[in-house]
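Trainee: This is the structure I have questions about; it appears just below.
Please treat every number below as a calculation from the coordinates, not as lab data. Everything quoted here is computed from the prediction, not taken from an experiment. Neighbour counts are summed over all protein chains in view; Cβ atoms, including those assigned to glycine, are modelled from backbone coordinates with ideal geometry.
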Amino acid sequence: MPERPHDVLRRRSLLLAFVACAWAGCATVGEQGQALVPTRYQARTGPFIVFSNAPLAADAPALHGLHSLEADVESALGLRVASEQPAVEVYILNDRESFTHFLRFYYPELPTRRAFFLAQGSRRVVYTFQGERLEEDLRHEATHALLHVAVGDLPLWLDEGLAEYFESPDNRRGLNAEHMSRLPQDVALGWKPDLAKLESLTNVREMTTRDYRESWAWVHFLLNSAPTNKALLLSTLADLRTSPSKAVPLSKRLPAGDQIANASLLAHVEKVRTQPAASAPPAEVTTVRLQDTMPDPAKRSFFGRLRGMFGF
């Protein structure tokens, strides 16, 4: 019987923990020495298998958010993960402290964040923790996972723009109050949309918070303005799935010139922003996003090199 993905993870985690214990203490937290990577309980919803240290109720918001995300992506983009694909693994740690400890032990090279997605061979893995923004974080990172399975590698701006679009609860239709409130401020400071510049970005560390806002804005504009704009986005995704090396950038597909396209984008954002459904952003909005980029092996810590030795 072939090993299940979480069995492989558990076996490797135990091996790493054994070696690490001999050098710098166990990768556990709490008085009971609970493992950092939760595997005690699991729940399945669609293409996701969710692991946690405490059982999740069938109607838990986290599971509902993942279930509705699959439907939202299929409805908006016509994309669905084939049943024969390996499940997307989702690990929900107990709290922020546990998650911070996990990051420091396994991925000390990465900056602080609330959640992240990694593609490792055929495995797609999401890590996060129980917190106030769990559903939002899960939907964002799980969007990356679904797109990676259904389409493959996407241009960075489009990958992030779609994740920002679908991270909102399913009843928001891609609205992002934070981005809508900040974009007019960007314009007042002299910013202008530049899709071609967004398309030139290849490393998530190059993206500013303004780039995230613009990426979301283009996706929302394409999906919620004229039907021809949505068709352009869907045809781009289809080309990226079948012939990624030949896919024409979206900036080249827009029929209007840059000035007209930019004006249409800003007019769309303003129209959406002034609708009653658009609400004020939460007080704390800073989120660092990082996915699909493994740290440079040459820059890894001692534990990072240990992980490489044992196939992580």
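Trainee: Give me, ordered by chain and number, the residues 5 or more places off residue 93 or on other chains with an amide H under 5 Å from its own placed amide H.
Mentor: Here the answer is 128, 129, 130, since their amide H atoms fall under 5 Å of that of residue 93.
Trainee: Let me ask something else. List 199, 164, 206 from most exposed to least, where exposure is judged by having the fewest other Cβ atoms within 10 Å. Could the numbers behind the result be given before it?
Mentor: Values: 199 16, 164 24, 206 10.
Arranged by neighbour count, lowest to highest, 199, 164, 206 become 206, 199, 164.
Trainee: If amide hydrogens are placed 1.01 Å from N in the peptide plane, which non-local residues have theirs closer than 5 Å to the one on residue 175?
Mentor: none
Trainee: A follow-up question, please. Mind jotting down the three principal axis lengths of segment 151-210 based on Cα atoms? Whole angstrom, largest first.
Mentor: Reported extents, whole Å, longest axis first: 37, 32, 17.
Trainee: Could you tell me, in Å, what Rg and Dmax come out for the Cα atoms of segment 165-273?
Mentor: Rg and Dmax of segment 165-273, Cα atoms, are 13.9, 41 Å.
Trainee: Once phi is turned into ³J(HN,Hα) by the Karplus curve 6.51 cos²θ - 1.76 cosθ + 1.60 with θ = phi - 60°, what whole-Hz value does each residue of segment 206-218 show in order, with x for glycine and proline?
Mentor: Karplus-based 3J(HN,Hα) across segment 206-218 equals 7, 7, 8, 4, 5, 5, 4, 4, 5, 4, 4, 4, 4 Hz.
Trainee: For residue 45, list long-range residues whose amide hydrogen, built 1.01 Å from N in the peptide plane, is under 5 Å from its own amide hydrogen.
Mentor: Here 50 satisfy the definition.
Trainee: By counting other Cβ atoms within 10 Å of each Cβ, how are 205, 173, 213 ranked from fewest to most?
Mentor: The most exposed by this proxy come first: 205, 173, 213.
Trainee: Taking the beta-carbon count within 10 Å as an exposure proxy, list 223, 195 from fewest neighbours to most.
Mentor: Working: 223 18, 195 21.
By the 10 Å Cβ count, ascending, the order reads 223, 195.
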